[in-house]
Amino acid sequence: IYRAKGKGSFVKNPGTPERHSKKLIAFLLSCQDMNDSSLMRFMMGIQRCLSPSGYSLIVENTEEDPETEFHFMKKHLDNRVAGFILMSADPERSLDNYAFLRRRNIPFVLLDRRAESFPVNSVTCNNQDGAFSAVDYLIGLRHKKIGFVAEKFFLSSEKERYEGYCRAMRSASLMPDDGLLFT
């Protein structure tokens, strides 16, 4: 049953397919620095992939808050989006949100980081091998004291980079120096 303002209530024809979506994908991202150029590259790349299939991208900043993230999920589900791309500030704090989407069979994918305790689809770079390659390059230039810097060391992406850093150091018979670990 649905209502049309000024016209009354109507019973939907059961033979009519459900209006699945408005061909919209919601990108919910949590970030402090909206001037980060990598975010624009993410958005442009996502839109480039969606456009040939007729989809458009909605972008919302959830301000690093799982409750705000959930609010936007509910809002966009009411608008009948087809799915979500999520870049949560801390995926482990957003597990209830992911479970909510999973229970409703709403497609979603995590971007750049993943929840280690809640397996879901994610799109990330190979952080460990990337860090290994960078450190290996510096070792090849004969550097011995190589540090590691991480802003949010609890994120899966930063942990993976640290593992690559340590692996490269050990493979060159160098020990990672805790004095050169900056978090």
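I'd like to check something: does the stretch 137-157 contain any residue that is assigned to a helix (DSSP H, G or I), touching a Lys or Arg at 6+ places or on another chain (Cβ under 8 Å) and in contact (Cβ under 8 Å) with a residue 40 or more places away in the chain? Yes, some residue in the stretch 137-157 is assigned to a helix (DSSP H, G or I), touching a Lys or Arg at 6+ places or on another chain (Cβ under 8 Å) and in contact (Cβ under 8 Å) with a residue 40 or more places away in the chain. Residues that are over 11 Å from the mean Cα position of the chain (by Cα) and among the acidic types (Asp, Glu) were ranked within the stretch 98-157; the one that is nearest to SER88 (Cα to Cα) is GLU116.
What about ARG93, is it buried (at least 16 other Cβ atoms within 10 Å of the Cβ), of a type outside the set (Asp, Glu) and not in a helix (DSSP H, G or I)? No: the conditions fail for ARG93.
Scanning the stretch 96-128 for residues that are in contact (Cβ under 8 Å) with a residue 24 or more places away in the chain, open to solvent by less than 60 Å² (accessible area, probe 1.4 Å) and not in a strand (DSSP E or B) yields ASN97, PHE100, LEU101, ILE106, ASP112, ARG113, ALA115, PHE118, ASN127, GLN128. When PRO176 is tested against (1) farther than 23 Å from ALA89 by Cβ; (2) part of a loop (DSSP other than H, G, I, E, B); (3) open to solvent by 50 Å² or more (accessible area, probe 1.4 Å); (4) not charged (D, E, K, R), just one condition goes unmet, and that condition is (3).
The values are calculated or read from the model by the stated rules, or taken from the named source; none is laboratory data. Note that the structure is a prediction, hence the values are computed from the model and not measured. Positions of Cβ are generated from backbone atoms using ideal geometry, with glycine treated the same way; all protein chains shown enter the neighbour counts. In case anyone asks, the SASA skips ligands and DNA or RNA and just uses the protein heavy atoms, side chains included. Shrake-Rupley method; radii C 1.70, N 1.55, O 1.52, S 1.80 Å.
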